[in-house]
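The structure appears below as structure tokens.
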Amino acid sequence: MFPKVTLRVRISTSDVHYAGDLVDGAHIMELFGDVATELTIRHDGDEGLLRAYEKVEFLEPVHGGDFLEIVGKIVSVGNTSRKIIFEAFKIISSSKNLNQESACDVLEPPILVAKAIGTAVVVKEKQRTNIQHIESNDSEVINDFNKIKSGEPSRMAQRK
């Protein structure tokens, strides 16, 4: 089974890029990159390099003060490449209560705000684990990959 990583962060007001406290999509892609780095460290013992995205979708706005949960999972492994699916969920948001500016709401269910498919590369000389070419035959992982490719949230979105 390939590793899965979850990163939780609060979006700072210093991350705001647009009017209305809106955060740009590039910031979410930076968080996807952080998740990819942890995944390749866990899998290969090296940071690797996030080389390309196959598909990136920004689905809902993210604002300063929101809490996000970024989830990534390796779905297939080649000689040097690692295919990764990413999903970003808004898990806490401001309640926008004018009488109580610090009020926030826990979002149940979380809101899927962005998703992507990416490829990370760890060159052979830097792989610190004895990995040979592997293709995942885990049907649930393949199903997650296909759902994200088709525009649906994967089971990573399901909370237990």
Can you pull out the residues in segment 9-37 that are closer than 18 Å to Phe86 by Cα, assigned to a helix (DSSP H, G or I) and not acidic (Asp, Glu)? Gly25, Ala26, His27, Ile28, Met29, Leu31, Phe32, Gly33, Val35, Ala36, Thr37
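Considering only residues of segment 131-151 that are within 21 Å of Phe32 (Cα to Cα) and touching a Lys or Arg at 6+ places or on another chain (Cβ under 9 Å), which is modelled with the highest pLDDT?
So in segment 131-151, the residues within 21 Å of Phe32 (Cα to Cα) come out as 141-151.
Applying the additional criterion that residues be touching a Lys or Arg at 6+ places or on another chain (Cβ under 9 Å) yields 141, 143-145, 147-149, 151.
Working: Val141: 61, Asn143: 69, Asp144: 70, Phe145: 66, Lys147: 74, Ile148: 71, Lys149: 69, Gly151: 71.
Within segment 131-151, the match that is modelled with the highest pLDDT is Lys147.
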Among the residues of segment 67-81, are any closer than 18 Å to Lys126 by Cα, aliphatic (A, V, I, L, M) and free of Cβ contacts under 8 Å to residues at least 12 places away in the same chain? no
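Please go through segment 77-105 and pick out each residue that is among the β-branched types (Val, Ile, Thr) and in contact with a Phe, Trp or Tyr (Cβ under 9 Å, 6 or more places away or on another chain). Spell out how you get there, then give the answer.
Filtering segment 77-105 down to residues among the β-branched types (Val, Ile, Thr) leaves 77, 80, 84-85, 91-92.
The answer is Val77, Ile84, Ile85, Ile91, Ile92.
For the condition within 18 Å of Phe32 (Cα to Cα), in contact with a helix residue (DSSP H, G or I) (Cβ under 6 Å, 6 or more places away or on another chain) and not basic (Lys, Arg), what is the one hit in Val56, Val75, Val113? Walk me through how you get there before you give the answer.
Values: Val56 fails: in contact with a helix residue (DSSP H, G or I) (Cβ under 6 Å, 6 or more places away or on another chain); Val113 fails: in contact with a helix residue (DSSP H, G or I) (Cβ under 6 Å, 6 or more places away or on another chain).
Selected residue: Val75, the only one of Val56, Val75, Val113 that is within 18 Å of Phe32 (Cα to Cα), in contact with a helix residue (DSSP H, G or I) (Cβ under 6 Å, 6 or more places away or on another chain) and not basic (Lys, Arg).
Identify the residue in segment 15-37 that is surrounded by fewer than 15 Cβ atoms within 10 Å (Cβ to Cβ) and in contact (Cβ under 8 Å) with a residue 12 or more places away in the chain and, among all such residues, is nearest to the chain's Cα centre (by Cα). I'd like the intermediate steps shown before the answer.
Keep residues of segment 15-37 that are surrounded by fewer than 15 Cβ atoms within 10 Å (Cβ to Cβ), which gives 17-20, 22, 24, 26, 30.
Those still in the list that are in contact (Cβ under 8 Å) with a residue 12 or more places away in the chain too: 20, 22.
On the way: Gly20: 24, Leu22: 19 Å.
By that ranking, first place goes to Leu22.
The values are calculated or read from the model by the stated rules, or taken from the named source; none is laboratory data. Remember, it's a predicted structure, so these values are computed and weren't measured experimentally. Virtual Cβ from ideal backbone geometry, glycine too; neighbours counted across all protein chains shown.
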